[in-house]
Amino acid sequence: MIGARLSKLNIAILAVIVTIGFLSSFFSYQYSSMTANKVEELASDNIRSNARITAFDLSRIFYHTVNPVVNKLGVLSSNLPLGFDNQSMTQTLLKFAQDSTMDLTEGYYVFDEDGRIMSWTGLDPENLTSSGSSVLMDEEFIRIPLETSLPYYSNVLNFHDNQPRLLISFPIFQASPGTDNGSLAITNSTTIPNESWPVGVIVAAINLRTVGEMLQRDLSPEVVSNVGFMDRDGVIVYAREPSLVGKNYLSPEFQSLVSDDIKDSYNAIINSSLRDRNGGVNDIELPNTDSIVTMAYQPVRIGAEHLWTLYVSVPHSLATEVGGLIDQLSTFSTIVVITTACIAIFISFIVLSWNRRLDNAIRSRTGQLKEINNSLGETNRRLAVANKQLEIHDKMQKEFINVAAHELRTPIMPILGEAQYIERQFMASKPLVAVDNEQVESIMRNARRLVRLASDILDVTRIESKSLRLNKESFDLDQVIRSVLEDTKNALRADEERSNQVQLQYNSIGPIPVYADKGRIYQVIYNLLANSVKFTQEGYIRVGIEVNSNDIVVSVTDTGKGIDSDIMTRLFTKFSTKSETGTGLGLFICKSIIEAHGGKIWAKNSFDGKGSTFSFKLACHTNDPTRGISDNR
């Protein structure tokens, strides 16, 4: 059933997911294995490096510990009193040398060429004879320096007190006559000083157990490690197991401690280290265990001679432990990847089973989003139009402020001029001032102009706040038109240039009863006539009236320059004017008043291109007592 419902695409997707899951597991395991090997290698390298550094540091410590003894022996061998005559001076020098190296040396001893003890300090010289000898002259540390005239560094000697010691002996030279004894210097060189011969031996005894314990203490306590010494012949100078001291590394006692599985490789490493002048490090895998012993070695030289080799061994299983941890991590990663792949398959099946339902839902939502997007587009378009209108309104408002300021200043200046003239008359100490009719008319005319401007601004405020109040009543529209014409004629007479050039015409048809706000209708007709007078230089201005059964149409036609095409679309909006005078509020107020009465106002240019016609329409009503005297709009 499941296979039948899944499409080929879904099966392919599932196959891809399964393949990716198994490939991820495989590569994760391979990567973990590589990481484990790399970490194991880094861990081993780190241990080898630390062991090498430790061996080098300990070799330098041993060198700097033994070298002062060698230097003192060299100085004493060439500066002891001639012929050992001054025993007191010799004893003082030996005591001074012992006091300065007492942490390392057990004593200093001076022997003549016959092996007799001449002076000593520290350990009783009877303890210096090895367990297999009773005559000091037979000991190598006395015989060989006398024979070779060179310093001698002994192998480990087991003495009568069973303490392993290292003896360093220098030949004492007696200068030939005429030679300054103080100029002789005994070094590690194989060259015998000219014209000199050994007359004795000076010896320093060093307890190797003290040296070994000192070096063991310098090892880091955080790492389990051991330190050991061999001389250049492979004889063990120091080991933590005291029974091995003095034994050669090839001796049965030592070889019995080495496993047969690693004996050959171990002996090869020891043999190589005894000849290596630079030091090195090797790993030895212990059989039947997961442990590894990292053994670092470093030669110790006195002068140019390779005398001893220091060994540091570090047993550890760090690399194995790290490898085990990474194997666990690799297994865990594989389990996680496989589990993730199984979960991904299960989730994929669920997702694919929901695919069709989700597809239908997405299509439905997509359709809705397209509708919303279209709606948003329309809204954006409207917002753009509104923004454009706001920009136009802002521009018109700025123009209005400029025009209003001009309109206010125009009537104020004549009034202010007349008032200043009268004031100057009074300032001339005249008790009475004569004012002629022309001055009074100028003041009254400009005062009325200010009143109209203030009234227009107040009306705009009321219209925008929707608080324009209509006081309706029944009146004769014909009488209102006549009154407006008379007032317009009086205003036109004041303009001497146009008083005879423009004629006002009106053909009365008798009484026309209407029910409206008489003052507001007067204001509308006056504004229309004043607008025509402003733009008509010659010709006529005619008022026409048409009465129908349901409405009355009043028209004002002039022969002026007509309506500018730039403001035709916004003719009845605020601040729309092409005149250098006027505020652009008159037509806006007219439109608001007519619409408040339920009427309509419009304008058009004449067909012959001369003049324009402004018309408005009101409902034809007789006195209607039920509507009351006033109506708030």
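The values are calculated or read from the model by the stated rules, or taken from the named source; none is laboratory data. What you see is a predicted model; the values in this text were computed from it and never measured. Here the Cβ is made from the backbone with ideal geometry for all residues, glycine too, and neighbour counts use every protein chain on show. Just the protein is used for accessible areas: all its heavy atoms, side chains included, with ligands, DNA and RNA removed. Shrake-Rupley method; radii C 1.70, N 1.55, O 1.52, S 1.80 Å.
In table form, for the structure just shown:
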| read-out | value |
| --- | --- |
| Checking D57 against (1) at pLDDT 80 or above; (2) of a type in the set (D, E, K, R); (3) in a loop (DSSP other than H, G, I, E, B), the condition it does not meet | (3) |
| Selection from the range 64-73 of residues that are at pLDDT below 85 and either open to solvent by 50 Å² or more (accessible area, probe 1.4 Å) or not in a helix (DSSP H, G or I) (or both) | H64 |
| Residue count for the range 85-126, restricted to those that are among the acidic types (D, E) and surrounded by 14 or more Cβ atoms within 10 Å (Cβ to Cβ) | 3 |
| Yes/no for I545 being under 60 Å from the mean Cα position of the chain (by Cα) and among the hydrophobic types (A, V, I, L, M, F, W, C) | no |
| Residue match in the range 155-171 (condition: basic (K, R) and either at pLDDT 85 or above or surrounded by fewer than 17 Cβ atoms within 10 Å (Cβ to Cβ) (or both)) | no |
| Residue within the range 257-266 that is farther than 25 Å from R48 by Cβ, open to solvent by 30 Å² or more (accessible area, probe 1.4 Å) and not in a loop (DSSP other than H, G, I, E, B) present | no |
| Flag if K466 is within 60 Å of the chain's Cα centre (by Cα) and either in a helix (DSSP H, G or I) or closer than 18 Å to G599 by Cα (or both) | yes |
| Pairs with Cβ under 6 Å, 6+ apart, first in the range 354-376 and modelled with pLDDT under 85, second in a helix (DSSP H, G or I) and exposed (fewer than 10 other Cβ atoms within 10 Å of the Cβ) | none |
| One residue from S549, S555, S565 being surrounded by fewer than 15 Cβ atoms within 10 Å (Cβ to Cβ) and closer than 23 Å to P511 by Cβ | S549 |
| Verdict on V135 being among the β-branched types (V, I, T) and modelled with pLDDT under 85 | yes |
| Residues being open to solvent by 80 Å² or more (accessible area, probe 1.4 Å) and either polar (S, T, N, Q) or touching a residue at least 24 places away in the same chain (Cβ under 8 Å) (or both) - total across the range 42-51 | 1 |
| Residue in the range 513-522 that is farthest from the chain's Cα centre (by Cα), counting only those that are at pLDDT 90 or above and open to solvent by less than 40 Å² (accessible area, probe 1.4 Å) | V514 |
| Any chance R482 is in contact with a strand residue (DSSP E or B) (Cβ under 8 Å, 6 or more places away or on another chain), in a strand (DSSP E or B) and either open to solvent by 60 Å² or more (accessible area, probe 1.4 Å) or among the acidic types (D, E) (or both) | no |
| Criterion (of a type in the set (A, V, I, L, M) and free of Cβ contacts under 8 Å to residues at least 24 places away in the same chain) met by exactly one of L23, L80 | L23 |
